[in-house]
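The values are calculated or read from the model by the stated rules, or taken from the named source; none is laboratory data. Just so it is clear, the model here is predicted, and its values are computed rather than measured. In this analysis, Cβ positions are derived from the backbone assuming ideal geometry, glycine residues included, and neighbour counts consider all displayed protein chains. Protein only, heavy atoms only, side chains kept; ligands, DNA and RNA dropped before computing areas. Shrake-Rupley method; radii C 1.70, N 1.55, O 1.52, S 1.80 Å.
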Amino acid sequence: SQNDEVEDYYALLDVPKNAKADDIKKAYRKKSLLLHPDKLRQRGMKYEGQIITEDEARARFQQMKAAYDTLSDPKKRQLYDALGHKGLDFVQNPSHAWDPHVLLGNLAKSSLVDRTKLITLVLLFFGLVLLQPILLCAKVDQMLAQNGGALQNASWTALCVPFWLYAL
């Protein structure tokens with residue numbers, strides 16, 4: 001069965017992180033003989049002592065091929081080493097980062113501290129960017145009105161501080 005988490009490419013090819021290109025190529029060839037669906041069919045679909053389905057074999061082979069493609073390309077390998085699977089995916093396909101399922105999945109997996117930071121930033125955005133201009137316009141309108149209003153004598157500094165800070 002295929003997990004949402006992708007196995008480490010080095011572990012997939014069974015090579016150390018400091019492996020040379022030739023070592024990666026040899027490991028890929030060795031693994032491809034074990035995992036290729038046609039070769040598995042000849043051995044009765046047995047891989048590491050277990051019988052696996054053809055779809056499973058194909059998925060494992062494709063994952064191993066992706067590992068080889070990444071680790072054999074020096075630029076992709078450098079990105080993978082620095083950023084991991086998700087970072088490499090983001091660099092290669094930035095639009096994937098805006099997928100709502102990915103965003104909500106990342107939010108659900110994040111720590112409580114990270115979620116609190118994000119919620120604070122969102123509240124600050126809405127408080128400062130959307131609410132403050134409305135308050136400033138209300139103050140200017142009341143200053144220009146003949147009989148004034150509740151905000152006419154309010155200080156400009158007080159208007160620029162979000163209301164929820166006064167409640168603290």
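Summary table
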{"item": "Per-region count, region 44-53, residues modelled with pLDDT under 75, surrounded by 10 or more Cβ atoms within 10 Å (Cβ to Cβ) and out of contact with any strand residue (DSSP E or B) (no Cβ under 6 Å at 6 or more places or on another chain)", "result": "2"}
{"item": "Within region 89-148, considering residues that are over 27 Å from the mean Cα position of the chain (by Cα) and of a type in the set (D, E, K, R), the one most open to solvent (accessible area, probe 1.4 Å)", "result": "Asp141"}
{"item": "Failed item, numbered, when Lys26 is tested on (1) open to solvent by less than 80 Å² (accessible area, probe 1.4 Å); (2) in a helix (DSSP H, G or I)", "result": "(1)"}
{"item": "Residue match in region 78-100 (condition: among the basic types (Lys, Arg) and modelled with pLDDT under 90)", "result": "yes"}
